[in-house]
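Got a structure here, written out as C-alpha cells. Questions coming.
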Amino acid sequence: MAKKSVSREQLCELLLNEARKTPGLESVSAVNVHALADDKRENGANWSLADFNPGHADMASAEAALADIAPWMQREYALADE
C-alpha cells in the first residue's frame, strides 16, 4: 500500500488531531515535524517528530502518546516535497 503524500502543515494537523484524541491531551496546541535525509530514514519514513507544545497537558503523557502515534502515521503518510 502506497503512503499518502501530505504537506508539512497537513501532517502536523493530522498528528495534532490524533494526539488530542488521547484522554488528557485535548489541550496539546502544536506538533511539528522535520524531513529526514535519505541516510537518516528509518523504516522508510521521510519525516519524524521535531517538537510539540503540550499546552496544559502533562508533558510526559503527551510525549508518550506521540511516541505511540508517530510510528503508525509514518507507515501511512509521507512528507511531500517542498
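Under a 10 Å cutoff between Cα atoms, tell me which one of 13, 63, 42 has the largest fluctuation in the Gaussian network model of the chain.
42
Helix 8-20 against the longest principal axis of the chain: what's the angle in degrees, Cα atoms only, rounded to the nearest 10?
On a 0 to 90 degree scale, this one is about 40.
Turning to a different aspect of this structure: So which trypsin sites (Lys or Arg not before Pro) in segment 19-82 end up in coil per DSSP with only 14 or fewer other C-beta atoms within 10 Å?
Details: sites: 20, 21, 40, 41, 75; in loops: 21, 41.
Of the trypsin sites (Lys or Arg not before Pro), the ones in loops of segment 19-82 whose Cβ has at most 14 other Cβ atoms within 10 Å are 21, 41.
If you line up the long axis of helix 59-76 against the longest principal axis of the chain, both from Cα atoms, how many degrees apart are they, to the nearest 10?
With rounding to tens, the tilt is 30 degrees.
Right, here's the next one. Between residue 61 and residue 20, what is the label-to-label distance in nm when each label sits 7 Å out along the Cα-to-Cβ direction?
Rounded to a tenth, the inter-label distance reads 1.7 nm.
Now for a different question. Averaging sequence separations of C-alpha pairs under 8 Å and six or more residues apart, then dividing by the length of the chain, give the relative contact order as a whole percent.
41
Starting from the Cα of residue 32, move 7 Å in the Cα-to-Cβ direction to define the label point; list residues of segment 48-82 whose amide nitrogen is under 17 Å from there.
The answer is 48-55, 63.
We did not get these values from a lab; they are worked out from the coordinates using the rules stated. Everything numeric in this text was worked out from a predicted model, so none of it was measured. Cβ atoms come from the backbone with ideal geometry, glycine included; neighbour counts cover every protein chain shown.
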